[in-house]
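Read the figures in this text as sums done on the coordinates, not as results from a lab. The structure presented is a predicted model; accordingly, all values stated were derived computationally and were not measured. Here the Cβ is made from the backbone with ideal geometry for all residues, glycine too, and neighbour counts use every protein chain on show.
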Amino acid sequence: MKYVNVAIDNNTDHTDVLYTYGTELEEIQIGDKVKVPFARGNRVKDGYVFEIMDDLSEKIKGLKMVVSRDEEISLSKEAISTCIWMRKRYLCRYIDAVKCFTPAGSSSKRGKKRNPFSDYKREPNEAKQLTFEQKKAMDRIQVSMNQDQHEVFLIHGVTSSGKTELYMQAIEACLKSGKTAIMLVPEISLTIQTIERFINRFGNEQVAVLHSKLSLGERYDEWMRVKNGDVKIVIGARSGIFAPLDHIGIIILDEEHESTYKSDMSPKYDTFEVAVKRAMLNQSVVLLGSATPSIQSFYRAQEEKIQLIRLTERYNKMPLPHVEIVDMREELKNGNKSIFSITLYQEIRKCLEQKKQVILFLNRRGYSTFISCRNCGFVLECPDCGISMTYHKESDEACCHFCGTKSPVPTICPSCSSSYIKYFGMGTEKVEEKAGEIFEGANIARLDLDTVKKKGSIERVLKSFHKGKIDILIGTQLVAKGLDFANVGLVGIISADVSLNIPDYRSSERTFQLITQAAGRTGRGDFPGKVIIQSYTPQHYAIEAASHHDYEGFYQQELILRKQIGYPPFCDFFQLLISSENDQEAKKMAESIGTYLKEKDRMEAISIFGPQPAPIHRMSDRYRYQILIKAGLGTRKQYAREIAELKQTFFVKKKTKCLLSVDINPYSFL
């Protein structure tokens, strides 16, 4: 008989330990999914084997036995090692980490295989000749791959410098050596273009897709294709990092700076960190690619913790687009109250006359950003979250962009009963309406979270744009990332200030990245592109640097500010969110935890802020309090241990209705 330590699929911190069982199953392996009797009632539960032992150091009274082993689902030893690491790194449960690696859905009862791209007709695409810069980069990457040497490379390449071609040739070299590859993109909308390119190059039978927009059946079948070794390349968004591949040779994170690589659900993992962990276990290479690397990644490269590769020229030899900043304060002074400056209006007209396409970018969806009474100042707020609701004209309703609550728009003010209800601010819906009024006859489409809810809607819009059926494409950040269309002559950034006004230390970085990425969508064909940036703060260093395509100038200025105030990369942030359906209960728990942390602190933390109500104090009927720890470099592990102890003291050993959520270096403090 053997003995196994099993993580139980049970959604509570109280059972987040490994349970020991006996088994007569000789073929049992680490990573196997098993069924075991659990707790006093011996209910049969799913579990995963983390350890196998021939003997026990001491006998267990009433030892229970494994009931059965799942023949289809199992994880590799490498996956289990990564789960153990994730539990310590992100303070999550064993089972939360395990579920990152396991498939959603189940096998088809009819035995039919569901392949989301089975109907795609391949258009073979041969490898392109690399430029001098690309060839130098490829040689450096290949040295590490040939020697089975773990290495992380940051490819800092201007927009349209041929990073994707470099990725594909690196993957081709990886496959030739008998290894597998993971290719990640930050948005599901970008997987479509990437998948088509990779299928054209490598064939449908070599490529699998893993992301959350597939049906449950498709996700299960794609996972099984990967698990069974039927494919060698996995393409996906963030969750693709957990693909059940063996012998991983290369992991690529395209647009590595994007916040979507950080999970906002438990476990709140950083895709880059998981990629590096899996690559270390496989002795493989990680490629990070971006025209606007995150401050964190570029700092690592400057400190020589990762290797920096520069691509300074566009593949088509075209110059970077000409950028012009328009001061919208001057437009107002001159009597122009339109959302389009005179310059942007004229450039759009010129593009349409020349049969070139236009992209208009505004990182705010909906029609108006808030609804208010002009008589008493009342603002319509979400009943669950307490934040202002956005007006959507198309559906004629107010919507909360955090929890999704919708409600009819009042015609009479609920506070003072006046009829002076007005709409303020603008989103993409309003831009679409105004563009339709001004540019009559132009074919206009919108690409944001409201227009892409139906399956296949992103593909339909992008294919129509690619075929020239759309003249003006209006959208949020979905249109600013990774799209490659040769006929775009102009990008208009309607309001560059939207992301600057977010209460987050990364707001300048996000603004620079969004402007630069949006600007990079033009000039990708055989003619130079143009960019118009509209701003009420045109002198801001992030906007100035983006207008000159000056990443390093922006980086140096931002790093000075970060160092002065001790923000990442010069510290680690821990965000603790304590929530309850009862406001006083949540507040009391947060105060107890705050006192506990301050008593435990030995001055390694630069600061402990709070407890205080979270910026969104109420969400989904739960009241939330926040504690922020700004931990000095080198103290992350110590604070992780102390928070793990805190979790046991306040939430496991005691009965409480409060919940604790821990996020390390979060991308949002809301």
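What FRET efficiency would be calculated for the residue pair residue 259, residue 65, taking the C-beta separation as r and a Förster radius of 51 Å, to the nearest 0.05? So the FRET efficiency works out to roughly 0.65. Rounded to the nearest 0.05, what FRET efficiency do residue 600 and residue 24 have when you use their Cβ-Cβ distance and R0 = 51 Å? Efficiency for this residue pair is about 0.65. Which listed residue (551, 60, 247) has the Cα farthest towards the positive end of the charge dipole for the chain, taking +1 on Lys and Arg C-beta and -1 on Asp and Glu C-beta about the Cα centre? Comparing the listed Cα positions along the dipole, 60 ranks first. Give a quick list of GluC sites (Glu not before Pro) in region 119-180 that DSSP marks as loop, anything other than H, G, I, E or B, with at most 13 other Cβ atoms within 10 Å. Within region 119-180, the qualifying GluC sites (Glu not before Pro) (loop, at most 13 other Cβ atoms within 10 Å) are 126.
Database remark: amide H of residue 311 closer than 5 angstrom to the amide H of 156, 157, 158 (H placed geometrically; neighbours at sequence offset of 5 or more, or on other chains; Pro and chain starts carry no H).
In summary, the lysines within cross-link reach of residue 422, defined as a Cα separation below 20 angstrom excluding same-chain residues under 8 places away, comprise 337, 393, 406, 430, 434.
Considering region 381-482 at the alpha-carbon level, its Rg and Dmax are found to be 16.3, 52 Å.
Annotation for region 370-451: trypsin sites (Lys or Arg not before Pro) lying in DSSP loop with at most 15 further Cβ atoms inside 10 Å of their Cβ are 374. The relative contact order of the chain, computed from alpha carbon pairs under 8 Å that lie at least 6 residues apart in sequence, is 11 percent. Each residue of region 590-597 is assigned a 3J(HN,Hα), and the resulting list reads 4, 5, 5, 5, x, 4, 4, 5 Hz, derived from the Karplus form 6.51 cos²θ - 1.76 cosθ + 1.60 (θ = phi - 60°), x at Gly and Pro.
Each residue of region 544-558 is assigned a 3J(HN,Hα), and the resulting list reads 4, 5, 5, 5, 9, 6, 9, 5, 5, x, 5, 4, 4, 5, 5 Hz, derived from the Karplus form 6.51 cos²θ - 1.76 cosθ + 1.60 (θ = phi - 60°), x at Gly and Pro.
For residue 409 and residue 52, the difference between the fully extended length at 0.36 nm per residue and the C-alpha to C-alpha distance is 122.5 nm. Phi angles across region 166-172 convert, under the Karplus curve 6.51 cos²θ - 1.76 cosθ + 1.60 with θ = phi - 60°, into 3J(HN,Hα) values of 5, 4, 5, 6, 5, 5, 4 Hz, Gly and Pro given as x. Among the GluC sites (Glu not before Pro) in region 284-362, those located in a DSSP loop and surrounded by at most 11 other Cβ atoms within 10 Å of their own Cβ are 303, 304. Most simply put, the chain has about 50% antiparallel DSSP beta bridges, counting only bridges with both residues inside it. Of the listed values (1) 25.0, 81; (2) 26.5, 86; (3) 28.0, 86, identify the label whose number matches Rg and Dmax of the Cα atoms in Å calculated from this model. Label (2) holds the value from this structure. Residue separation of residue 563 and residue 136 scaled by 0.36 nm, minus their Cα-Cα distance, works out to 150.4 nm of gained length. For region 466-567, the convex hull drawn through the C-alpha positions has a volume of 103 cubic angstrom per residue.
Shape summary: region 571-664 maps onto an equivalent ellipsoid whose semi-axes, from the alpha-carbon gyration tensor, are 22, 14, 11 Å in decreasing order.
Gyration tensor analysis over the Cα atoms of region 249-346 returns equivalent ellipsoid semi-axes of 40, 19, 12 Å (largest first, whole Å). If R0 is 41 Å, the Cβ-Cβ spacing of residue 570 and residue 539 corresponds to a FRET efficiency of close to 0.95. Distances between every pair of Cα atoms in region 2-101, grouped in 5 Å steps from 0 to the bin holding the largest one, split as 2, 13, 26, 25, 20, 11, 2 percent. Distant-in-sequence amide contacts of residue 64, defined by a placed amide H-H separation under 5 Å and a gap of 5 or more residues or a different chain, comprise 22.
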